[in-house]
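The values are calculated or read from the model by the stated rules, or taken from the named source; none is laboratory data. All values derive from a computational prediction rather than experimental measurement. Don't worry about glycine lacking a Cβ; one is built from the backbone with ideal geometry, like all the others, and counts go over all protein chains shown.
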Ligand code: PEP
């Protein structure tokens with residue numbers, strides 16, 4: 001049975017004092033424990049925030065990892081390092097990584113492999129920019145992101161992944177995909193998974209929505225059959241908003 005997940009991507013925000021305060025607030029909050037909460041702080045705080053979350057049900061992840069195992073890659077973090085400081089989840093293919101750091105599907109696929117090798121959980125992000133939706137190319141685009149990023153995996157390995165659909169035009173813009181648009185794309189992704197891996201596998205994979213999700217729209221988005229939670233940017237920077245979203249199932 002797939003999990004409901006609410007994950008907060010803090011991006012490049014928060015001082016050390018602010019980040020540890022936010023983590024303590026999230027960990028100390030009341031929320032429905034059948035929801036898996038995950039915090040994605042900036043990498044430099046992951047070790048400390050993993051300790052803050054250690055005795056709670058809140059998990060910690062990292063926003064990026066290297067596609068290489070180890071070696072001369074200045075500034076990069078390997079999945080074994082990430083695991084050794086207590087993180088369990090890794091974001092892959094976030095649209096900001098794709099846009100500003102030129103990460104293509106093949107690099108994302110190599111990252112997914114390293115993440116799984118370290119027994120961590122990838123949250124693989126996909127989603128179209130506005131021009132692609134306006135040109136009615138959004139299904140093709142998402143299909144190629146999924147096929148090239150994760151369809152090399154075995155059924156056992158895809159079951160260890162989470163997928164996040166994040167229409168780029170909705171990220172940080174205040175414009176949310178409508179509930180129908182979200183469900184339509186989530187169903188499309190689920191159908192791709194059914195066709196490739198069969199219904200039982202497809203039904204066990206969580207597909208999160210991301211893009212200006214907030215307390216006021218989370219309930220409607222999460223009510224959809226194929227929306228299993230959210231990847232939250234801006235609203236995850238405030239513990240009470242983040243928890244209100246977690247309590248929206
Ligand atoms: C994100 O960057 O993953 C995101 C969903 O951001 P926001 O919620 O701010 O749109």
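Just give me the residues in the stretch 150-165 being away from the ligand (no atom under 16 Å from the Cβ) and either under 13 Å from residue 127 (Cβ atoms) or in contact with a strand residue (DSSP E or B) (Cβ under 8 Å, 6 or more places away or on another chain) (or both), in sequence order.
Passing the criteria: 150, 160, 161.
For the stretch 194-212, enumerate the residues that are within 16 Å of the ligand (Cβ to nearest atom) and in contact with a helix residue (DSSP H, G or I) (Cβ under 6 Å, 6 or more places away or on another chain).
207, 209, 211, 212
Return the only residue of 129, 227, 168 being closer than 18 Å to residue 97 by Cα and either away from the ligand (no atom under 14 Å from the Cβ) or under 15 Å from the mean Cα position of the chain (by Cα) (or both).
168
Within the stretch 225-244, how many residues turn out to be within 20 Å of residue 121 (Cβ to Cβ), in contact with a helix residue (DSSP H, G or I) (Cβ under 7 Å, 6 or more places away or on another chain) and not in a strand (DSSP E or B)?
Qualifying residue count for the region: 4.
Within the stretch 35-63, restricting attention to residues that are in contact (Cβ under 8 Å) with a residue 40 or more places away in the chain and not in a strand (DSSP E or B), which residue is nearest to the chain's Cα centre (by Cα)?
The qualifying residue nearest to the chain's Cα centre (by Cα) is 63.
Filter the stretch 27-42 down to residues that are more than 16 Å from the ligand (Cβ to nearest atom) and more than 17 Å from residue 208 (Cβ to Cβ) and give me whichever is surrounded by the fewest Cβ atoms within 10 Å (Cβ to Cβ).
Within the stretch 27-42, the first condition is being more than 16 Å from the ligand (Cβ to nearest atom), and the residues that meet it are 27-36.
Add one more test, that the residue is more than 17 Å from residue 208 (Cβ to Cβ), and what stays is 27-30, 33.
Values: 27: 18, 28: 12, 29: 17, 30: 8, 33: 11.
Among residues in the stretch 27-42 that are more than 16 Å from the ligand (Cβ to nearest atom) and more than 17 Å from residue 208 (Cβ to Cβ), the one surrounded by the fewest Cβ atoms within 10 Å (Cβ to Cβ) is 30.
Mind counting the residues in the stretch 1-17 that are more than 16 Å from the ligand (Cβ to nearest atom), outside any loop (DSSP other than H, G, I, E, B) and either under 16 Å from residue 241 (Cα atoms) or touching a residue at least 24 places away in the same chain (Cβ under 8 Å) (or both)?
So the count comes out to 2.
Of the conditions (1) at pLDDT 95 or above; (2) surrounded by fewer than 16 Cβ atoms within 10 Å (Cβ to Cβ); (3) not in a helix (DSSP H, G or I), residue 163 satisfies every one except a single condition; which number is it?
Looking at each condition in turn, residue 163 falls short on (2).
Would you point out the residue of the stretch 171-187, among those that are in contact with a helix residue (DSSP H, G or I) (Cβ under 8 Å, 6 or more places away or on another chain) and assigned to a helix (DSSP H, G or I), that is farthest from the ligand (Cβ to nearest atom)?
Filtering the stretch 171-187 for residues in contact with a helix residue (DSSP H, G or I) (Cβ under 8 Å, 6 or more places away or on another chain) gives 171-172, 175-177, 179, 182, 185.
Right, trim to assigned to a helix (DSSP H, G or I) and you get 179, 182, 185.
On the way: 179: 16, 182: 12, 185: 14 Å.
If we take residues in the stretch 171-187 being in contact with a helix residue (DSSP H, G or I) (Cβ under 8 Å, 6 or more places away or on another chain) and assigned to a helix (DSSP H, G or I), then 179 is farthest from the ligand (Cβ to nearest atom).
Counting only residues that are in contact (Cβ under 8 Å) with a residue 24 or more places away in the chain and either assigned to a strand (DSSP E or B) or within 15 Å of the ligand (Cβ to nearest atom) (or both), how many does the stretch 213-224 have?
Going through the stretch 213-224 one residue at a time, the tally reaches 7.
In the stretch 76-109, what residues are touching a residue at least 12 places away in the same chain (Cβ under 8 Å), within 16 Å of the ligand (Cβ to nearest atom) and in a loop (DSSP other than H, G, I, E, B)?
Matches in the stretch 76-109: 93, 94.
Please find, among 120, 208, 153, the residue that is crowded, with 22+ Cβ neighbours inside 10 Å and at pLDDT 95 or above.
That would be 208, the only listed residue that is crowded, with 22+ Cβ neighbours inside 10 Å and at pLDDT 95 or above.
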